[in-house]
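Contents: one structure, followed by commentary.
Computed from the coordinates by the stated procedures, all read-outs in this text should not be read as laboratory data. The structure presented is a predicted model; accordingly, all values stated were derived computationally and were not measured. Virtual Cβ from ideal backbone geometry, glycine too; neighbours counted across all protein chains shown.
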């Protein structure tokens with residue numbers, strides 16, 4: 001306990017060992033808590049404060065050995081933006097997370113890093129995903145146990161959580177230059193509780209899909225995901241896009257946009273019992289920085305987010321390119337610098353009347369640049385040289401999409417690549433009807449046979465569906 005009675009939790013701070021690909025897949029659901037806090041706590045009254053306040057765990061914002069998390073610039077009216085880093089942890093520090101995750105062990109990785117940017121005038125918001133496989137120069141951080149610092153090193157950004165969420169704040173700020181005002185962190189159990197509390201989240205998949213690694217099994221079409229099925233969807237790495245973390249990120253954005261719309265449109269906020277359950281689930285799911293460690297602070301943030309129309313909440317992904325040393329990892333692409341600067345300068349990716357702003361359109365053009373397309377082809381060629389079956393799109397079958405892809409700016413790539421990996425993947429929470437694109441590549445194995453997720457679905461009719 002701290003002097004003020006706030007619980008401090010430092011379970012398993014050592015970096016989590018890197019696991020072979022194909023074993024358990026990391027949590028991809030941390031940003032669910034953002035959508036929950038948008039509206040869940042916005043209707044909470046004083047009668048909730050005492051109980052909910054006791055649920056919240058607070059930790060220091062910045063864990064770097066030197067410097068700070070940056071400073072926001074005020075606009076002409078003295079208003080300032082707010083940037084919140086949302087972190088998803090794969091920790092198995094408690095029994096519930098061990099059961100869901102499949103095993104127990106020390107350490108943890110930040111398997112989701114999303115920066116939520118609220119504009120100074122609260123008219124728009126941007127949610128930018130930083131791919132977990134991003135390789136960067138990671139800053140020196142203080143050990144949260146005894147204050148000793150580890151030296152700076154080059155590594156994968158998700159390993160920064162091994163030294164606490166404050167170290168992940170330091171790493172994301174160092175990578176992007178974006179000031180970070182707060183963080184929120186969620187684990188496996190929190191995702192399950194949140195999806196149950198909202199009564200499920202509607203999603204769509206454009207093909208039958210089975211991912212034996214996350215256990216997601218859905219028929220083509222629309223479904224409402226609750227509990228473990230929501231976690232399976234958000235953790236599925238092999239099911240979407242090219243079977244990498246990048247394709248999965250786009251599916252997560254679809255989920256979060258649907259969650260936000262559900263919260264805004266449902267009658268939950270007018271039902272005190274449902275509201276309490278939702279607020280209780282959200283606060284129990286969270287570990288936050290000390291600046292947010294209380295119901296009044298969370299209410300203030302939630303009300304600020306609630307002012308933003310769904311049509312002006314933009315989900316996007318940091319543009320990236322393959323790491324020459326390991327194309328299964330990524331580096332910051334040149335186009336990403338423009339995205340970082342847009343957030344730092346508080347420029348919206350959407351226009352006030354709807355649609356993309358000039359800034360948003362410019363980012364699309366940069367994402368489809370010749371350099372980005374060349375980098376994509378290089379990654380595909382490298383993968384094919386090592387694992388020929390893993391990158392060739394399968395065509396001609398009823399369960400498979402056709403080869404080829406188009407970037408958001410309309411630049412075609414001949415079959416064998418998905419340019420959306422390098423697109424900023426801009427979409428707003430107000431856009432409806434999109435389905436998660438099931439991978440057309442043989443990204444999974446059933447009984448040792450490589451196949452597409454759609455064919456894996458057909459081959460496993462004895463396995464129950466995740467949702468109907």
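Put a dot 7 Å past the Cα of residue 323, heading toward its Cβ, do the same for residue 73, and the two dots end up 3.2 nm apart. When only alpha carbons are used to place a centre, segment 59-84 and segment 239-262 end up 28 Å from one another. Note on residue 55 and residue 206: their simple-model spin labels are 3.7 nm apart, each label 7 Å out from Cα toward Cβ. In plain terms, the chain from residue 121 to residue 307 could stretch by 66.0 nm, reckoned as 0.36 nm per residue minus the Cα-Cα distance. Rounded to the nearest 0.05, the FRET efficiency derived from the C-beta distance between residue 345 and residue 222 at R0 = 51 Å is 0.85. Taking R0 as 56 Å, what FRET efficiency do you get between residue 150 and residue 458 from their Cβ-Cβ distance, rounded to the nearest 0.05? For residue 150 and residue 458, the calculated efficiency is 0.70.
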